[in-house]
1. Does the stretch 111-124 contain at least one residue that is buried (at least 20 other Cβ atoms within 10 Å of the Cβ) and either more than 13 Å from Phe24 (Cβ to Cβ) or without any contact (Cβ under 8 Å) to a residue 60 or more places away in the chain (or both)?
2. So Val134 fits all but one of (1) part of a loop (DSSP other than H, G, I, E, B); (2) farther than 26 Å from Gly265 by Cβ; what number is the exception?
3. Quick one: which of Ser111, Ser173, Ser120 is hydroxyl-bearing (Ser, Thr, Tyr), closer than 25 Å to Ser47 by Cβ and not assigned by TED's automatic domain parsing to the domain that holds Gln194?
4. Does Ala208 meet the test of being out of contact with any strand residue (DSSP E or B) (no Cβ under 7 Å at 6 or more places or on another chain) and not assigned by TED's automatic domain parsing to the domain that holds Ser111?
5. Identify the residue in the stretch 94-117 that is closer than 20 Å to Ala266 by Cα and in contact with a helix residue (DSSP H, G or I) (Cβ under 9 Å, 6 or more places away or on another chain) and, among all such residues, is modelled with the highest pLDDT.
6. Determine, yes or no, whether Leu118 is in contact with a Pro (Cβ under 9 Å, 6 or more places away or on another chain), over 23 Å from Pro263 (Cβ atoms) and outside any loop (DSSP other than H, G, I, E, B).
7. Restricting to the stretch 127-151, give me the number of residues that are over 17 Å from the mean Cα position of the chain (by Cα) and either within 30 Å of Ala212 (Cα to Cα) or not assigned by TED's automatic domain parsing to the domain that holds Arg89 (or both).
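The values are calculated or read from the model by the stated rules, or taken from the named source; none is laboratory data. Since we're looking at a predicted model, the values are computed, not measured. Cβ placement follows ideal geometry from the backbone for every residue including glycine, while neighbour counts extend to all protein chains displayed.
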Amino acid sequence: MLQKISQMMAIMLLAISLPSQADFPPLAYAEADHAQPGKATWHDLFSSDPQASARFYQTVFGWQIAALDSEPYWLFYHDNQAIAGIVMRQENNSERVGAMWVPHFSRADLSEASRLPLASRWLMPPRNMGQRGVQAIAQDPNGAVFGLLASQAGDPLDYQPQAGHFAWHMLFSPDPKRSGEYYRDLLQIELSEQAPEWLLSSEGISRASISASESNDQGAPALWVSAIYVTEPMATAQTAIEAGATWLLEPQNDQEILFMIDPVGAIFGLIGPTDREEATQ
C-alpha cells in the first residue's frame with residue numbers, strides 16, 4: 001500500500017508550488033529570535049479538491065478555515081491559531097487527483113541563495129513568504145517531499161502536544177540510515193539509532209523517526225507522514241471513516257500510531273497519549 005501511495009505522490013510532484021503574491025502570516029506561538037533546528041514548524045496540504053479537504057478536517061478535528069487574500073490558499077485554524085495551510089493544485093489533467101501533506105522543518109539559515117546537497121532537488125526554491133519567512137519545498141535523494149522554513153518571527157517553543165495539533169513525523173524510506181544522514185546534515189541536527197528506527201533530534205528533543213519502507217520495490221520513493229495528536233485515536237479514526245477516510249494500514253492492538261488516508265488522498269497519522277509526548281512539539 002505504501003508503494004502505491006508513493007507512486008501516486010510522485011505524479012503529484014509536478015503540481016507542488018505555493019502562491020507567490022500573498023503576505024503569509026507569521027507562525028503561531030513564535031518566539032522572537034528563537035530557532036528550533038529540525039522542528040516541524042508548519043504543514044501545507046496540497047489538494048486537488050480544497051473544499052473536500054477542508055470539510056474533512058473541519059469535521060474530524062474541528063479546524064476552522066479562512067482564505068488568504070485572493071490567492072488559491074487557505075489557512076487552517078485551531079484554538080484561534082493558524083496551524084496549517086491548504087494549497088490548490090492546479091491540474092490540466094483531471095485524472096491527477098489527490099492530496100499530500102508536506103511538513104516544513106526549521107532551518108534558520110535558509111535563504112534564496114541556499115543550495116541542496118547532491119541527489120536532491122528543489123520543487124519550489126527558497127522564496128520570501130512575507131511575515132512567515134523564507135520557505136522552500138524539496139525532494140530528498142530517496143524521493144520524499146518535504147519543506148524548509150526560516151521563520152521571520154522565530155520558531156515556536158517546545159510544548160506538550162495539544163489535541164488537534166501535529167505532534168509527530170515519520171519518514172518511511174528504502175534506506176533509513178542514508179535518509180537519516182541526509183537530514184542530519186541538511187538540518188544540522190543529531191541522528192541516533194533506536195532499532196528498528198532512527199531518530200532525528202535537536203536540543204535534546206526527538207523531532208522525527210525514520211523507518212524502513214514496507215515495499216519490496218527498491219525504486220519506490222520515500223514518504224513523510226505527519227501525525228495529529230488526539231486524546232482518543234480509535235474514536236477519532238471512526239469519525240474520520242464516517243467522514244470518508246480509509247485505513248492506510250489496518251490497526252493492530254499494540255500500534256502506537258494509526259495511519260489513514262483522507263477522502264482526497266492525503267496520508268495522515270493519529271497519535272494519542274504515548275511516551276513520545278515529551279518529544280514532539
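1. Residues of the stretch 111-124 buried (at least 20 other Cβ atoms within 10 Å of the Cβ): none.
Checked against the condition, which is being buried (at least 20 other Cβ atoms within 10 Å of the Cβ) and either more than 13 Å from Phe24 (Cβ to Cβ) or without any contact (Cβ under 8 Å) to a residue 60 or more places away in the chain (or both), the stretch 111-124 yields no hits at all.
2. Failed condition: (1).
3. Working: Ser111 fails: closer than 25 Å to Ser47 by Cβ; Ser173 fails: not assigned by TED's automatic domain parsing to the domain that holds Gln194.
When all the criteria are applied, what remains is Ser120.
4. Values: out of contact with any strand residue (DSSP E or B) (no Cβ under 7 Å at 6 or more places or on another chain): no; not assigned by TED's automatic domain parsing to the domain that holds Ser111: yes.
No; evaluated as a whole, the condition is false for this residue.
5. Residues of the stretch 94-117 closer than 20 Å to Ala266 by Cα: 94-105.
Retained after the next criterion (residues that are in contact with a helix residue (DSSP H, G or I) (Cβ under 9 Å, 6 or more places away or on another chain)): 96, 98-100, 105.
Values: Arg96: 54, Gly98: 89, Ala99: 93, Met100: 94, Phe105: 98.
Per the criteria, the residue is Phe105.
6. Details: in contact with a Pro (Cβ under 9 Å, 6 or more places away or on another chain): yes; over 23 Å from Pro263 (Cβ atoms): yes; outside any loop (DSSP other than H, G, I, E, B): no.
Against the criterion (in contact with a Pro (Cβ under 9 Å, 6 or more places away or on another chain), over 23 Å from Pro263 (Cβ atoms) and outside any loop (DSSP other than H, G, I, E, B)), Leu118 does not qualify.
7. 1
Yes or no, residue by residue, for (1) closer than 18 Å to Trp168 by Cα; (2) outside the structural domain of Gly85 (by TED's automatic domain parsing); (3) assigned to a loop (DSSP other than H, G, I, E, B):
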site: Ala28; (1), (2), (3): yes, no, yes
site: Asp33; (1), (2), (3): no, no, yes
site: Pro37; (1), (2), (3): yes, no, yes
site: Asp44; (1), (2), (3): yes, no, no
site: Ser53; (1), (2), (3): no, no, no
site: Tyr57; (1), (2), (3): yes, no, no
site: Ile65; (1), (2), (3): no, no, no
site: Asp69; (1), (2), (3): no, no, yes
